[in-house]
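What follows is calculated from the coordinates using simple rules that are stated; it is not laboratory data. For clarity, every value in this text was computed on a predicted model and none was experimentally measured. Neighbour counts are summed over all protein chains in view; Cβ atoms, including those assigned to glycine, are modelled from backbone coordinates with ideal geometry.
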Amino acid sequence: MAGTLAEKVWEAHLVRRGENGSPDLLYIDLHLVHEVTSPQAFEGLRLAGRPVRRPDLTIATEDHNTPTLDIDLPIADLTSRTQIDTLRANAKEFGVRLHSLGDADQGIVHQVGPQLGLTMPGLTVVCGDSHTSTHGAFGALAFGIGTSEVEHVLATQTLPLAPFRTMAITVDGELPAGATSKDIILAIIAKIGTGGGQGYVLEYRGEAIRTLSMEARMTICNMSIEAGARAGMIAPDETTFEYLKGRPHAPEGEDWDAAVEYWKTLRSDDDAEFDAEVVLDAADLEPFVTWGTNPGQGLPLSASVPVPSEIADENERVTAERALEYMGLEPGKPLREVAVDTVFIGSCTNGRIEDLRSVAKVVKGRKKADSVRVLVVPSSARVRLQAEAEGLDVIFKDFGAEWRNAGCSMCLGMNPDQLAPGERSASTSNRNFEGRQGKGGRTHLVSPLVAAATAIRGTLSSVSDLDLPYDVDITTFDGSPLPVPAGI
Amino acid sequence: MEKIHTHTGVGVPLRRSNVDTDQIIPAVYLKRVTRTGFEDALFAAWRGDPSFVLNQDAYRNGSVLVAGPDFGTGSSREHAVWALKDYGFRVVLSSRFADIFRGNSGKQGLVTGIVSPEDIELLWKILETKPGTEVTVDLEAKTATADDVTVPFQIDDYTRWRLMEGLDDIGLTLTNEADITAFEATRESWRPKTLPAKHLPSVPIEAARPV
Ligand code: SF4
């Protein structure tokens, strides 16, 4: 029978098919753990006297709470410190591999999996974090789970799961200069809405997706959850294999050959049926920015802040009014005139080496606007090391940006990196909910290129607003060959 | 999880409807890293009131909560069930429960029985006129008995079976352990293992400083 990519991966993990409406039992290949959603799961095991079934399929890292300054000093915030200490004790007790703050492999959980070569096509990957969908960029079925499910996977390495529906999102054409994969996903969410993907696994395909690097693909899959979907996937191809080859945990020798042969079969069959389909033309896209308090409230940068009184649907009007009030935005004001206080470059959406390179390329030799503070937070310690090896840190510092240690940071403000009430940010992260980046903070979600241009001009901007011709080829830096060791 | 066939304990009349999970346990307690020891958090906002039912000696050691309709609405926090169990409750009777709360309860071994509003009223009267009266809940017969009054309650067969067998979700999955082990034997060798750990050379990471 013809199948979609998601169905193929599902079928390959069936331990037991559910009968009479009971859920299927699925095997989990890789379980990523962090300090926020794991403490009660480990305690549940302890109370029931159960071990971790497969410590060798489990890996933990510290990311949500970790400071990005003074990481060699004790963590000041008590709750944060308790969560981190608890994870350390649990990892030790249950024999789980942990990459702690200060370790070269520490970083945001969704960067650590791919950079170690643990995330691969055809796997089932789970983590107590909704942005686990990131790993779908490799053609893995990856999704976030709750604390009791974390305990369930730790104890059994399986999950009982109800079937999902599939949605194909085809992005044809070529992205125009200055637009990135972040703009693709923001446009998709604006089109289908924050609930549009509910109950679905999304599969991104089409010419524009094929030409994207792995990192750009991760950005897209990362935000699948913002469209309400459980997971997002992209079929693996040469770009995927190229990224994986030589990474610490990538298969070697015969295993590699067998894996690649299998991975090549991981694509939706031509006659596979999806439950829903969406088509987009990349050529129509331009840099996108959110104006409201959910990721679906986005518009092209050339647009103006919506005018609620012009919105016919009452519900939407009220929602828009409330969002604009929280955001402190004047209806009808051109988005390009909105001034920001902070630019945050980081997170599991856009804190990867490629993102940092593209920002560095724009800001090199320039100075940030006096009115903004700029935070650059690499997604992992290895990304930080790599950036430093390429001299990007110097470019950022000369520009006037703060160069920080790795972690989730201002993406959710669980550590000291927060917006003050009323403070406005242009942020490369994934959620613009009320208070997400700090109580009363106002977030505009943007791509790294828009973040860079905004840091220069002080108002929401794209690279086309700068007086420099900009070369969108962001895979090389300064034309020199890329020194990319495995591991980033 | 303990098997439950019958349970007998002091009944606590909670004459309130729409007790949501924020009232069962306020959000401030969610920062904790433990999953036991939430007894102090149960109904935290009401516990300061000396007239609150759990502050009266006769009810203090209660284990069967008899509540008004729409118990457990609001956020899906599993902590609500932990708090009730930690305090000592084994059974909650109400004429209507929120779905997620009922689901969470069944998984954690807290019995939730649906009793008609008239029968709830009947139980309240007994428990209020004779504080400290014990209620016996019989899962087999699906009845609750206080004094000389016996009322029926509803609970779905699947949850009832699980409670009587003492199976939590994990226990249930582990009844298929042979299948899991058999599946593991078929996994290809290219699939990744996190242990033994492989990584690039460890390099000291410089701490960023405030500017
Ligand atoms: S960077 Fe943000 S979205 Fe990603 S895992 Fe951390 S908190 Fe979640």
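Amide H contacts of A:L26: A:V15, A:L159, A:L161, each under 5 Å away and 5 or more positions distant or on a separate chain (H built 1.01 Å from N in the peptide plane; Pro and chain starts excluded). Using a Gaussian network model of chain B in which every pair of alpha carbons under 10 angstrom is joined by a spring, one finds that among B:L195, B:L163, B:L172 the greatest mean-square fluctuation is at B:L195.
Along each principal axis, taking the top coordinate minus the bottom one, the Cα set of the range A:275-352 gives 41, 38, 22 Å in descending order. A Förster radius of 56 Å, combined with the Cβ-Cβ distance separating A:A420 from A:E242, puts the computed FRET efficiency at roughly 0.80.
Within the range A:310-389, the trypsin sites (Lys or Arg not before Pro) that combine a DSSP coil assignment with at most 13 other C-beta atoms in a 10 angstrom radius are A:K367. Placing R0 at 22 angstrom, the Cβ-Cβ distance between A:E321 and B:N18 gives a FRET efficiency of 0.15 after rounding to 0.05. Largest GNM mean-square fluctuation across B:Y29, B:Y59, B:Y87, computed for chain B with C-alpha springs under 10 Å, falls on B:Y29. To test your reading of the geometry: what angle, between 0 and 90 degrees and rounded to tens, separates the Cα axis of helix B:117-129 from the longest principal axis of chain B? Between helix and principal axis, roughly 70 degrees. Compared with the dominant principal axis of the Cα atoms in chain A, helix A:253-263 is inclined by about 70°. Between A:A303 and A:T265, the modelled labels are 4.4 nm apart [label points 7 Å from Cα along Cα→Cβ]. Using the alpha carbons alone, the radius of gyration of the range B:51-199 stands to its Kirkwood radius in an Rg to Rh ratio of 1.16. Between B:S17, B:S51, B:S75, the residue with the greatest mean-square fluctuation in the GNM of chain B (Cα pairs under 10 Å linked by springs) is B:S51. Please work out the C-alpha center-to-center distance from the range B:36-77 to the range A:222-236 and express it in whole Å. About 41 Å separates the Cα centre of the range B:36-77 from the one of the range A:222-236.
Shown is the FRET efficiency for B:E188 and B:K142, computed with R0 = 45 Å from the Cβ-Cβ distance and rounded to the nearest 0.05: 0.40. What does the charge add up to near A:R53, with Lys and Arg as +1, Asp and Glu as -1, over the other residues with Cβ less than 11 Å from its Cβ? Around A:R53, the surrounding residues sum to -1.
Compared with the dominant Cα axis of chain A, that is its longest principal axis, helix A:147-156 is turned about 30°. Expressed in Å, the radius of gyration and Dmax of the Cα atoms of the protein assembly as shown are 26.8, 89.
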